[in-house]
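Data block below; observations after.
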Amino acid sequence: QVQLVESGGGLVQPGGSLSLSCAASGIIFSVARMGWYRQAPGKERELVARITSGDSTNYGDSVKGRFTISRDNAKNTVYLQMNTLKPEDTAVYYCSAHFSWNDYWGQGTQVTVSS
């Protein structure tokens with residue numbers, strides 16, 4: 001079955017950096033569109049970043065210039081480098097995979113930006 005396992009969340013001070021990883025299994029990773037979404041308490045889930053099989057990327061407006069998504073097909077892993085973090089980046093971050101006309105989700109990892 002498809003599994004997406006996120007890691008790397010935690011507590012960081014405003015202005016700091018954090019890197020998330022998502023290891024995928026059960027899909028042909030190299031052809032999957034991978035993404036990161038987030039959901040803050042009381043808010044809807046929103047797109048953070050996506051990366052296609054051809055390495056095209058797009059970002060949510062609130063993270064452009066601060067976050068970078070990348071992928072390593074040899075490791076079946078997608079990454080999210082988050083810089084200049086703000087308190088409003090606090091949320092549960094979810095890894096997603098779009099493969100064979102289906103969407104799959106990880107269990108989420110908490111990112112808290114606070115002093």
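The values are calculated or read from the model by the stated rules, or taken from the named source; none is laboratory data. All values derive from a computational prediction rather than experimental measurement. Heads up, the Cβs are rebuilt from the backbone with ideal geometry, glycines too, and the neighbour counts pull from every protein chain shown. Just the protein is used for accessible areas: all its heavy atoms, side chains included, with ligands, DNA and RNA removed. Shrake-Rupley method; radii C 1.70, N 1.55, O 1.52, S 1.80 Å.
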Between THR68 and SER100, the two model label points (7 Å from Cα along the beta-carbon direction) sit apart by a distance in nm of 3.3 nm
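Can you give me the % of accessible surface on segment 41-94 that is carbon or sulfur? Probe 1.4 Å, all protein chains present, nothing else counted. Can you show the working numbers first?
On the way: 1340 of 3000 Å².
Exposed carbon and sulfur together represent 45 percent of the surface.
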Length gained, ASP55-LYS86, 0.36 nm per residue minus C-alpha separation, equals 8.5 nm
Check: C-alpha center segment 1-27 vs C-alpha center segment 70-100, spacing in Å is 6 Å
GLN107 and SER30 label points (each 7 Å along its Cα→Cβ direction) are spaced in nm at 3.0 nm
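Sorted by accessible area (1.4 Å probe), largest first, how do LEU11, LEU20 line up?
Values: LEU11 130, LEU20 0 Å².
From most accessible down to least: LEU11, LEU20.
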